[in-house]
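The values are calculated or read from the model by the stated rules, or taken from the named source; none is laboratory data. Being a predicted model, the structure only gives us computed values, none of them experimental. When we count neighbours, we look across all protein chains shown, and the Cβ atoms used for this are built from the backbone with ideal geometry, even at glycine.
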Amino acid sequence: MELELAGADLKAVLNRLRRAQGQISGVIRMIEEGRDCEDVVTQLAAASRALDRAGFAIIATGLQQCVADIDSGRENGEDTEAMRARLEKLFLSLA
């Protein structure tokens with residue numbers, strides 16, 4: 001299944017990923033500067049949440065597309081159980 005993000009969805013995901021990228025750069029800089037452990041962990045947690053949100057947004061878009069594929073007669077011949085297992089694996093990869 002190929003993921004196609006609409007303009008607004010794509011912009012939101014990219015913004016979250018850029019935010020995470022900036023936060024990770026900040027964490028690296030903080031560690032190099034010997035900053036307080038609590039501050040580093042707080043920033044790292046924020047980056048992790050931003051990545052999770054981006055992943056969930058991508059999965060939600062994928063689910064919408066999967067439902068559309070089922071309704072339109074599934075082009076790749078994948079049965080419902082195989083699709084369910086694949087989507088479950090994607091969800092668990094973010095857990």
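Details
- In the stretch 35-93, the residues that are acidic (D, E), exposed (fewer than 11 other Cβ atoms within 10 Å of the Cβ) and modelled with pLDDT of 90 or more: D36, E38
- Taken over the stretch 5-62, the criterion of being charged (D, E, K, R), over 16 Å from the mean Cα position of the chain (by Cα) and not in a loop (DSSP other than H, G, I, E, B) is satisfied by R29, E32, E33, E38, D39.
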